[in-house]
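See structure below.
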Amino acid sequence: MSALRWVAALVSGSLFGFGLAWSTMIRPEVVIDFLLFRDLGLLLVLGGAVFVALLCYQLAPRLLRQPLLGGAFEHRRAVLDRRTLLGAAIFGMGWGLCGVCPGPAIAGLGAANWPLLIALLGIFAGAYLQGRFFPGR
Amino acid sequence: MIADFFPQGMTHYLMGGLLIGAGVGTLFVLRGLIGGTSTFFTSTWSYVSSRPFFQQGRFVGTRGWRAVYAAGLVLGAAVFYLLFGEAFQTAVPAWRLLVGGVLIGFGARLSNGCTAGHGICGLASLQLPSLLAVLTFLGTAILVAHVMLWIGVAA
């Protein structure tokens, strides 16, 4: 059972990564084209992903007593405060600068998009700076 | 008319998006976990930093599955690449990837979510703060991308 739980995380991530590669989101140029309104494909990606995730998040806790491999259903609670919005604004500036976000930065390595290693290095550094100097709550 | 907005076509975007949602959904149905991706970049620091912030239970207790989930992202993209892909390496200059990366890591962790955490998981959880976060980062990203274009910095 325990091994199965790890396999479940690996398979979930793999579906996610396969989808990122298929939708070409691991190409920063495609994301930048969206931000410049040249190609609105990213909206289809986001819409498709939210649609399926919404069904799972809303239906599973109503139809199942607990997750199929045990444990409990988590609930995501986002907080509306200055950190959430200021962080989002800073994140967006980085996203607009390079066309990379965390998921594609990781997944892109599987498709041999090696320059993304530089972005990964930056993301790890940024995450460290946040935890080191602005730990907050 | 609609095709003008999708010069590369629509199918691969939609299919890819549905699969991304299936990955997030599978993690939830099987294990009850909310699969954002930016927390991985903080929880992984808990392996090497003894600072109390990184040693919190929400990072130490989830770093294992988050690392496996991240490995899955690489694996899934590799499978696609081996089956259908052509080699592609981004031409975005290194300094943009590095500076952009630092802003992404810092901002996403300050905000507690990125395009996956707020954009997919947050919206699918019907969280209003996540919707506002999405609109905020879309706004600043569109602004920065246009400024880079106007001042003539190549993508």
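For this structure, a couple of remarks:
- Calculated log₁₀ intensity ratio I(q)/I(0) where the Debye formula runs over C-alpha points of the protein assembly as shown, q = 0.09, 0.11, 0.14 Å⁻¹: -0.37, -0.57, -0.96
- Heavy-atom accessible area order for A:Tyr57, B:Tyr81, largest first, 1.4 Å probe: B:Tyr81, A:Tyr57
- Dipole of region A:16-137 computed with +1 at Lys/Arg Cβ and -1 at Asp/Glu Cβ about the Cα centre; of A:Tyr57, A:Gly47, A:Ile123, farthest Cα towards the positive end is A:Tyr57.
- Placing unit charges on the Cβ atoms only, positive for Lys and Arg and negative for Asp and Glu, gives chain A a dipole magnitude near 560 debye about its Cα centre.
- For B:Met15, B:Met1, the ranking by accessible surface with the largest value first comes to B:Met1, B:Met15, using a 1.4 Å probe.
- Build a GNM of chain A with springs between Cα atoms under 10 Å apart, and of A:Ala88, A:Ala119, A:Ala107 the one that fluctuates most is A:Ala88.
- Most fluctuating residue given options B:Tyr47, B:Tyr69, B:Tyr13, as computed from a GNM of chain B linking Cα atoms under 10 Å: B:Tyr13
- Debye log10 I(q)/I(0) at q = 0.15, 0.24, 0.30 Å⁻¹ for region A:92-137, Cα point scatterers: -0.42, -0.86, -1.07
- Selected from B:Phe88, B:Phe28, B:Phe53 as most flexible by GNM, with chain B as the system and alpha-carbon contacts under 10 Å: B:Phe88
- Simple label model, 7 Å out from Cα along Cβ direction - B:Arg51 to B:Leu83, nm: 4.1
- Assigned charges on the beta-carbon of Lys, Arg, Asp, Glu; the protein assembly as shown dipole about Cα centre (debye): 1120
The values are calculated or read from the model by the stated rules, or taken from the named source; none is laboratory data. These numbers come from a predicted model, not from an experiment. With ideal geometry, Cβ positions are generated from the backbone for all residues, glycine too; neighbour counts draw on all protein chains shown. Only protein heavy atoms, including side chains, enter the accessible area calculation; ligands, DNA and RNA are left aside. Shrake-Rupley method; radii C 1.70, N 1.55, O 1.52, S 1.80 Å.
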